[in-house]
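**Student:** Sending over a structure as structure tokens; questions will come in a sec.
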Amino acid sequence: MTAPAPSIAASASLRRKAVLQAQVMFTCNNRCWFCLDRNEVDGEFHGGPAVVPFEVIAALLRDHAGTVDAVMFTHGEPTLHPALPRMLALARVLGFAGRGVVTNGRRLADAGRARTLCEAGANRFVVSIHGLDAATHDASVGRPAFVEAAAGLANLAACKADFEVELTTSTVASRLNLPRLADTVRWLLGQGADTAVVNVVRPTGHARKHFDAVVPRHAEVVAALAPLWDAPDELRRRVVLEDIPPCAAGPWASLVGSLEAWVVPKTDESARAPRAKGLTVATAAAAPDPAADAGRAIKRAECARCAAHEHCWGVWESYAAAFGWDEFSPIAPAAAAGGGAFEREASVLLAADRLAAALPQPWRLTAWTLDGRRERLRLRFERGAAELEAIVESAAAHRPAWIRRGRWAWSHGAGWDAGGLAVLEGVAGVGQD
């Protein structure tokens, strides 16, 4: 007798999604005004060599293999590292399910380089683009970079035809791009991005130095995104607002990205390894520490009553000092019921369990991946040589579940049941080996 498959929901509850942050570069070919990694005093990168040795990153990957779900190669501009393809290939060999690169996209204007990274093992890219035209983007990044960045994004979108790649864009909402922020998001989604992330400025490092020039109020960011709220649901739900307390996100509160469990290795100066970026959470009533990192996040006593308290970073200290606390108030539990990232995660995981239980016996679940917003679950099933990919979405979506093979898709809007699967089994070329 075959043992029943373990519950997807139970497995997920036992293993929080964790992402290893591999800091591979301490230099960049852009000079973003709001960069949180560049030093506030001199605007340079500190804490590691310009190019972190491959051996250091290889040791980091081996140390964490099997303990985390994914690795993101980040810090500075990772595509400047000559050994990035080797790092990706090693991560794949070591079993990291997610292998991502955070990039400004400029060097990926070379289509061959973009394909090389995908061939090496990259299956996730986060491309930083901060405007839909050269004037806006280049003013934000301090370099004439838009043409290359847009070409890099296009090349990665083209790679999706041949590789399983998740393509996300990251746009920092600053005073430099706020007037056309909604148009920028629409444009990025039209360029092939699966998800468009809008980050509010983290006022740390170089961004803190230029606070008045680049940091808008959270309310201004929410207002700038207002034109998207009436957009078609399929588009609007591909927008994620990050680094903002849910209580300040207005109608976007249910689309605030849930935090991944970042694993940042500690400093090992003997190995010339990157310095970890720590996050200190304090209370607003605490006495200020002159030696403390200016980038710490703080909370008030009232925050403990908020429904989002457990998964909210709080408010950046320099932001609260500049703008006060008028934008922030605890979210009542009743107001958050069913709408937050964690509620969506529970919904989609339980739906996936029902899907797996309803599948005809020959089909076998072989892999599953939960997306960053915790509202869409991708499952892979096999039956002999045949493969199917199922995607289950949260109950709030118009299409809670659908399944596809190649370019063909079949949707079952009411959820999965034996009758729907029987229809699937009867479709030529899909339910048959």
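**Student:** Just to verify a result, which residue in the range 230-250, among those that are within 14 Å of R186 (Cβ to Cβ) and touching a strand residue (DSSP E or B) at 6+ places or on another chain (Cβ under 6 Å), is surrounded by the fewest Cβ atoms within 10 Å (Cβ to Cβ)?
**Tutor:** R238
**Student:** Return yes or no: is D110 touching a strand residue (DSSP E or B) at 6+ places or on another chain (Cβ under 6 Å) and charged (D, E, K, R)?
**Tutor:** no
**Student:** Select from the range 82-96 the residues that are at pLDDT 95 or above, under 24 Å from T169 (Cβ atoms) and buried (at least 21 other Cβ atoms within 10 Å of the Cβ) and list them in ascending order.
**Tutor:** Within the range 82-96, L84, M87, L88, A91 qualify.
**Student:** Another question about this same structure. Name the pairs: first residue in the range 199-223 and touching a residue at least 60 places away in the same chain (Cβ under 8 Å) and part of a helix (DSSP H, G or I), second residue of a type in the set (S, T, N, Q) and buried (at least 22 other Cβ atoms within 10 Å of the Cβ), Cβ to Cβ under 8 Å, at least 6 apart or on different chains?
**Tutor:** These pairs meet every condition: V214/S174.
**Student:** Determine which member of the set D183, D212, D194 is over 19 Å from V240 (Cα atoms) and surrounded by fewer than 21 Cβ atoms within 10 Å (Cβ to Cβ).
**Tutor:** D212 is the lone residue from the list that is over 19 Å from V240 (Cα atoms) and surrounded by fewer than 21 Cβ atoms within 10 Å (Cβ to Cβ).
**Student:** Oh, and also: Which numbered condition trips up R99, out of (1) part of a helix (DSSP H, G or I); (2) buried (at least 18 other Cβ atoms within 10 Å of the Cβ); (3) without any contact (Cβ under 8 Å) to a residue 40 or more places away in the chain?
**Tutor:** That leaves (1) as the condition not met.
**Student:** Does at least one position in the range 129-146 carry a residue that is hydroxyl-bearing (S, T, Y), surrounded by fewer than 24 Cβ atoms within 10 Å (Cβ to Cβ) and at pLDDT 95 or above?
**Tutor:** yes
**Student:** Can you name the condition, by its number, that R115 falls short on among (1) at pLDDT 95 or above; (2) surrounded by 19 or more Cβ atoms within 10 Å (Cβ to Cβ)?
**Tutor:** That leaves (2) as the condition not met.
The values are calculated or read from the model by the stated rules, or taken from the named source; none is laboratory data. Please read these numbers as outputs of a predicted model, since none were measured by experiment. Backbone-built Cβ (ideal geometry, glycine too); neighbour counts: all protein chains shown.
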